[in-house]
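Peer 1: Would you mind keeping the following structure in view while I ask a few things?
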Amino acid sequence: MTPDAPSPQPLSGRRVLLTRAADASSAARTLFSAAGAQVIELPALVIGPPDDWGPLDAALQSLEGFHWLIFSSANGVAAVRQRLDHMDLHLGDGAGRPRLAAVGRKTARFIQRQGWPMPFVPQDFVADSLLACFPEPVQGRRLLLPRVQSGGRPLLAQQFRRQGAVVVEAPAYESRCPATIPAAAATALAQDHVDVITFTSSKIVRNTVTLLTAHLGEHWRSRLAGAKVVSIGPETSRTCHSLLGRVDAEASPHDMEGLAAAAGRLFQPPTHGS
């Protein structure tokens, strides 16, 4: 390795607290472990069903009436698949099937794993980019947006409506705050043994603050004083700034690979000549 080459393990010896959904896959842990990190997980989101499946079921029963089915998360994809299977329905094919769009590579990959067509994915993997790059005018088009029941960002629906689309939002899942913090995470925080804390959504930021306040008391911020705050994207960064007072790095691209890379860059020594 040359002196200026980046380390293959830029997080070697660093303790990384991954805040995540309780049922999230191990992909993030694998990425950070490969970068040399000691990974500590903090589930800050529990995914469950909405209070009422009725609106989503009704929309799926008339799916041929929609031009687009737009997913902002893999949770929405999973819920739609679950309800289609429950009602013995299919996405359809040919002219009777809505086109698919997804915010983010992870969501797009999950769509493809269902055996559904490749969705349209904006280049920057965020909702704002989907709006800016949508492949056709939406005036008069019918759009179905399966979404979280509460606390989600209304940007997509609002902007599409302003552009003349008929938008149906259907609660597909609900995300709630867990009741407890795992012992390993609580110990690491109490002993100031966290070098990096990562966030992948605004709701996870808010729930983490709730958990830290409940388990560490009103001075919980002092436990993060030595930790770098790394966010997956601009909306999450805004929430971090609001509730934590800072963001030390933001992923680019706005996905898990970008999150791990952004954290690693924080600990890279300066290159010669910089």
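Peer 1: Condition first: without any contact (Cβ under 8 Å) to a residue 24 or more places away in the chain, among the β-branched types (Val, Ile, Thr) and over 18 Å from residue 194 (Cα atoms). Now tell me which residues in the range 213-245 satisfy that.
Peer 2: Listed by number, the list is empty, since nothing qualifies.
Peer 1: Have a look at 259, 211, 224, 243 and point out the one that is closer than 25 Å to residue 13 by Cα and under 21 Å from the mean Cα position of the chain (by Cα).
Peer 2: Criteria check complete, one pass: 259.
Peer 1: When residues of the range 32-48 are filtered for being surrounded by fewer than 21 Cβ atoms within 10 Å (Cβ to Cβ) and under 18 Å from the mean Cα position of the chain (by Cα), how many remain?
Peer 2: Number satisfying all stated conditions: 4.
Peer 1: OK, next. I'd like to check which helices (runs of 4 or more DSSP H) are fully inside the range 114-233 and have at least 3 residues that are of a type in the set (S, T, N, Q) and surrounded by 14 or more Cβ atoms within 10 Å (Cβ to Cβ).
Peer 2: 202-216
Peer 1: On to the next question. What number of residues in the range 237-257 are at pLDDT 95 or above and open to solvent by less than 50 Å² (accessible area, probe 1.4 Å)?
Peer 2: 7
Peer 1: Another question, if that's okay. Pick from the range 22-48 the residues that are part of a strand (DSSP E or B) and farther than 15 Å from residue 207 by Cα: which of them is modelled with the lowest pLDDT?
Peer 2: My answer is 48.
Peer 1: Tell me yes or no: at least one residue of the range 59-77 is surrounded by fewer than 18 Cβ atoms within 10 Å (Cβ to Cβ) and of a type in the set (A, V, I, L, M, F, W, C).
Peer 2: no
Peer 1: Given the structure, is residue 51 open to solvent by 10 Å² or more (accessible area, probe 1.4 Å) and in a helix (DSSP H, G or I)?
Peer 2: Taking the combined requirement at face value, the residue does not satisfy it.
Peer 1: Moving on. Evaluate the range 8-23: report whether one residue or more is within 18 Å of the chain's Cα centre (by Cα) and either open to solvent by 60 Å² or more (accessible area, probe 1.4 Å) or of a type in the set (Asp, Glu) (or both).
Peer 2: The answer is yes, given that some residue of the range 8-23 is within 18 Å of the chain's Cα centre (by Cα) and either open to solvent by 60 Å² or more (accessible area, probe 1.4 Å) or of a type in the set (Asp, Glu) (or both).
Peer 1: Here's a follow-up. Which residues, taken from the range 82-113, are of a type outside the set (Asp, Glu), open to solvent by 70 Å² or more (accessible area, probe 1.4 Å) and in a helix (DSSP H, G or I)?
Peer 2: 82, 86, 95, 105, 106, 109, 112, 113
The values are calculated or read from the model by the stated rules, or taken from the named source; none is laboratory data. Because the structure is predicted, anything quoted here is derived from the model rather than measured. Note that we place each Cβ from the backbone using ideal geometry, even for glycine, and neighbour counts take in every protein chain shown. Accessible surface areas use protein heavy atoms only, side chains included; no ligands, DNA or RNA. Shrake-Rupley method; radii C 1.70, N 1.55, O 1.52, S 1.80 Å.
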